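S.K.: So that we are looking at the same thing, I have put the structure below in structure tokens.
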Amino acid sequence: MSRFSDLTQLPDASGHFGPYGGRFVSETLSFALEELDKIYASLKHDPDFQAEFDRDLTHYVGRPSPLYHAERWSREIGGAQIWLKREDLNHTGAHKVNNTIGQALLAKRSGKPRVIAETGAGQHGVATATVAARLGLECEVYMGAEDVERQKLNVYRMRLLGAKVVPVESGSRTLKDAMNEALRDWVTNVDNTFYIIGTVAGPHPYPMLVRDFNAVAGREARRQSLEQIGRLPDALVACVGGGSNAMGLFYPFVEDEEVAMYGVEAGGDGLATGRHAAPLTANAPRGVLHGNRTYLMSDEGGQIADTHSVSAGLDYPGVGPEHALWKDVGRVEYVAADDHEVLAAFRELTRVEGIMPALESAHALAHAKKLAASLPQDKHIVVNLSGRGDKDIHTVAKIDGIEF
Amino acid sequence: MNQHANRIDRRFAALKAAGRKALIPYITAGDPAPAHTVDFMHACVEAGADVIELGVPFSDPMADGPVIQKACERALVHGTRLSHVLEMVAAFRERDSETPVVLMGYLNPIERMGYAAFARQARDAGVDGVLAVDMPPEEMGENAALFADHGLQSIFLLAPTTSEQRATTICHHGQGYLYYVSLKGVTGAATLDAEAVGAQLASLRALTELPLCVGFGIRDGATAAAIGRVADGVIVGSALVGRIAERADTPETIPQALREILGEMREALDRDARA
């Protein structure tokens, strides 16, 4: 037993993680959530369902993903050994597919012919469009108009996969607005539509089931660490927007008290500027958005704040409720990496290891570099390399002043 | 007991005694600018409104269609906050001590103000009820008692998809009236089937004595009358807010426009009640 064992028992029956989470939705959505709750409860421990999920992860996604020792980069930094959990090598290029495979199986069991999703960087949209293509489901993806612009490549990928991409012009034209619009679609088309939420946020049961589907990465990393390092790692590092890849890596280690965990939020232009997307690190007050209570960036009047990050996938004012609790109980330390550090890490890993990380994942790398430098060489850090960077080439090129 | 505590109950009791149906307009506070809201509220009352639902603008109105989203945006351009909305209610109360006012919106502005501070200030301003669309009864916790202690009634939504078990819970916790959402979808959506609504309301009446008011899809006298035949009241939002939007550049013409459409609905509801 660990002093963190209680954390494995959450959420409670009503979807709460301590004071966080819950189901703060309009009554019009309650039925759909109750239905989802029932479907998931009936399948969670169903060996056939789990076998189907595992089979898809093995043969379609290509799991397990490697745990790669970034020896050269570690040597250059001169401190702890950095290991990369290569979620970027999954089919579709990010961790997001673990969850969409799982939710698509739920959609299939629910008999609904249409799926919708919100997306920021487009990775979740692509992963949803992919599973929809495979299962023959109609697919519509909501994406903030600003993100449509900065993630053109993923937009085209989704269209090739047969999905309809709907640019969302309201609000700040980013991820939160895409989620608003997806919720509006769902409430209108709830009879025939399954909403595949891409992160560990939203109303209960989404934070739980997205966590459960992503936890495969942490289970593998734990086993691989024992095999390749010969023991558990000293620290885990992952980026946190909504927090799904971090939750996936961390969750299977939650009781391992000797394993430190760092969640790296988007520092944007720097926390002091207010132009960031780091509600946990900045100690944003509690708030309610998109169905759950969490740390939430809003102004004094409770209006949701505009966020900023070089990475579209982390550009979100809230964070999954389980992360909020983990901050409060001290299980995870939440820190931020600013855009400048992130771009440096992006370039460095590309040049030193030949691995081009997603800008989201580069947040984790930026912090891992600092952490490794502060530790001796016999310490081991596992970083979730949650996605590959191809989608970000336009963003980086633009910063370099290059037009294609 | 607070003298304001039962304004909503008193109003519905009077309506029932008179055999009339409640006409409940919704407008977004601060739309198109904060200076007009109190005038609009009075115009609604002059046209026969029985309860006013005053929308608290929110940056992310997830349950609303484009009409009310844009109203929120217009109001937020002027920085209309919950604290300003409470000032508007207090100003309205200077000339109207009887018409119940329900604040309608999303939870986060209240969460950020703090529940105790909100309850106190809302009571002092003369608010009678609170309808936070993203706060179902299960999530209210101790705030239900806090609101009740301050004479604030908690108004809840019911939907066509609400299970009987949930409906029982909601009816148990509901106060003032129940807001039946007649359509799947967001506010401002299209068609309305009064017969189906009537059948659903009939089954709800077995669960509660509370007045059942219907919103979503009511746009003119005919739809108001059709729903008035099966419900205790009609709630009209997007149809009003749409007219405000059309006249946002000439706000001085808005009170008359509100009086016209609400007058038509009032007339249609009362004609039906007499028949």
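S.K.: Applying the selection to the range B:76-103, what residues are surrounded by fewer than 22 Cβ atoms within 10 Å (Cβ to Cβ) and touching a residue at least 60 places away in the same chain (Cβ under 8 Å)?
M.R.: Across the range B:76-103, the qualifying residues are B:98, B:99.
S.K.: Also, I was wondering about something else. Given the criteria buried (at least 18 other Cβ atoms within 10 Å of the Cβ), out of contact with any helix residue (DSSP H, G or I) (no Cβ under 9 Å at 6 or more places or on another chain) and over 14 Å from residue A:28 (Cβ atoms), does residue B:113 qualify?
M.R.: Spelling it out, it is not the case that residue B:113 is buried (at least 18 other Cβ atoms within 10 Å of the Cβ), out of contact with any helix residue (DSSP H, G or I) (no Cβ under 9 Å at 6 or more places or on another chain) and over 14 Å from residue A:28 (Cβ atoms).
S.K.: Any residue in the range A:74-93 that is of a type in the set (Ser, Thr, Tyr), surrounded by fewer than 15 Cβ atoms within 10 Å (Cβ to Cβ) and at pLDDT 95 or above?
M.R.: no
S.K.: Now, a different point. Please tell me if residue A:207 is buried (at least 23 other Cβ atoms within 10 Å of the Cβ), assigned to a helix (DSSP H, G or I) and not hydrophobic (A, V, I, L, M, F, W, C).
M.R.: yes
S.K.: Let me ask something additional. How about the range A:231-249: which of its residues are farther than 17 Å from residue A:317 by Cβ and in a loop (DSSP other than H, G, I, E, B)?
M.R.: Hits for the range A:231-249 are A:231, A:232, A:233, A:234.
S.K.: Report every pair of residues separated by at least 6 positions or lying on different chains whose Cβ atoms are under 8 Å apart, first residue within the range B:32-43 and part of a helix (DSSP H, G or I), second among the basic types (Lys, Arg).
M.R.: Every condition considered, the pairs that remain are B:42/B:95; B:43/B:259.
S.K.: A further question on this structure: Output the residues belonging to the range B:104-138 that are free of Cβ contacts under 8 Å to residues at least 24 places away in the same chain and either part of a strand (DSSP E or B) or among the acidic types (Asp, Glu) (or both).
M.R.: B:111
S.K.: May I ask you to verify whether residue A:202 is touching a Gly at 6+ places or on another chain (Cβ under 6 Å), assigned to a helix (DSSP H, G or I), surrounded by 20 or more Cβ atoms within 10 Å (Cβ to Cβ) and touching a residue at least 24 places away in the same chain (Cβ under 8 Å)?
M.R.: Answer is no for this residue.
S.K.: Output the residue which, of all residues in the range A:258-275 that are on the phi > 0 side of the Ramachandran plot and in contact (Cβ under 8 Å) with a residue 60 or more places away in the chain, is nearest to the other protein chains (Cβ to nearest Cβ).
M.R.: A:268
S.K.: Give the residue that is surrounded by the most Cβ atoms within 10 Å (Cβ to Cβ), with candidates limited to residues of the range B:43-75 that are among the acidic types (Asp, Glu) and touching a strand residue (DSSP E or B) at 6+ places or on another chain (Cβ under 6 Å).
M.R.: B:53
S.K.: Criterion first (more than 20 Å from the chain's Cα centre (by Cα), of a type outside the set (Val, Ile, Thr) and not in a loop (DSSP other than H, G, I, E, B)) does residue A:266 satisfy it?
M.R.: It is false that residue A:266 is more than 20 Å from the chain's Cα centre (by Cα), of a type outside the set (Val, Ile, Thr) and not in a loop (DSSP other than H, G, I, E, B).
S.K.: Failed condition for residue B:116, given (1) more than 21 Å from residue B:219 (Cα to Cα); (2) within 14 Å of another protein chain (Cβ to nearest Cβ); (3) out of contact with any Asp or Glu (no Cβ under 9 Å at 6 or more places or on another chain), with all others met?
M.R.: With (1) more than 21 Å from residue B:219 (Cα to Cα); (2) within 14 Å of another protein chain (Cβ to nearest Cβ); (3) out of contact with any Asp or Glu (no Cβ under 9 Å at 6 or more places or on another chain) applied to residue B:116, the lone miss is (2).
S.K.: For the range B:119-148, enumerate the residues that are more than 10 Å from chain A (Cβ to nearest Cβ), at negative phi and not hydrophobic (A, V, I, L, M, F, W, C).
M.R.: Within the range B:119-148, B:120, B:121, B:123, B:124, B:128, B:129, B:142, B:143 qualify.
S.K.: List pairs: first in the range A:39-67 and modelled with pLDDT of 95 or more, second loosely packed, with under 11 Cβ neighbours inside 10 Å, Cβ under 9 Å, 6+ apart or cross-chain?
M.R.: A:67/A:227
S.K.: Then there's this: Within the range A:20-47, which residues are among the basic types (Lys, Arg) and farther than 28 Å from residue B:180 by Cα?
M.R.: Result: A:44, single match.
S.K.: Please go through the range A:372-401 and pick out each residue that is among the aliphatic types (A, V, I, L, M) and assigned to a helix (DSSP H, G or I).
M.R.: Those that are among the aliphatic types (A, V, I, L, M) and assigned to a helix (DSSP H, G or I): A:372, A:373, A:393, A:396, A:397, A:399.
S.K.: Next up: Give the number of residues within the range A:382-399 that are of a type in the set (Lys, Arg) and surrounded by fewer than 24 Cβ atoms within 10 Å (Cβ to Cβ).
M.R.: Count: 2.
S.K.: Can you pull out the helices (runs of 4 or more DSSP H) entirely within the range A:109-198 that have at least 2 residues that are surrounded by fewer than 22 Cβ atoms within 10 Å (Cβ to Cβ), more than 12 Å from every other protein chain (Cβ to nearest Cβ) and at pLDDT 95 or above?
M.R.: Qualifying helices (runs of 4 or more DSSP H): A:123-135, A:152-160.
S.K.: Is it the case that residue B:40 is facing another protein chain (nearest Cβ under 9 Å) and surrounded by 24 or more Cβ atoms within 10 Å (Cβ to Cβ)?
M.R.: Against the criterion (facing another protein chain (nearest Cβ under 9 Å) and surrounded by 24 or more Cβ atoms within 10 Å (Cβ to Cβ)), residue B:40 does not qualify.
S.K.: For the range A:133-147, give me the residue count where each residue is farther than 24 Å from residue A:200 by Cβ and touching a Gly at 6+ places or on another chain (Cβ under 9 Å).
M.R.: The qualifying residues number 2.
S.K.: Mind listing whichever residues of the range A:323-348 are under 16 Å from the mean Cα position of the chain (by Cα) and within 24 Å of residue A:177 (Cβ to Cβ)?
M.R.: Scanning the range A:323-348 gives A:323, A:324, A:336.
S.K.: Another one. Could you check how many residues of the range A:276-322 are within 12 Å of chain B (Cβ to nearest Cβ) and acidic (Asp, Glu)?
M.R.: Selection size over the range A:276-322: 3.
S.K.: I would also like to ask the following. Within the range B:44-77, track down each residue that is more than 15 Å from the chain's Cα centre (by Cα), more than 14 Å from every other protein chain (Cβ to nearest Cβ) and either polar (S, T, N, Q) or part of a loop (DSSP other than H, G, I, E, B) (or both).
M.R.: B:47
The values are calculated or read from the model by the stated rules, or taken from the named source; none is laboratory data. Computed from a predicted structure; not experimentally measured. With ideal geometry, Cβ positions are generated from the backbone for all residues, glycine too; neighbour counts draw on all protein chains shown.
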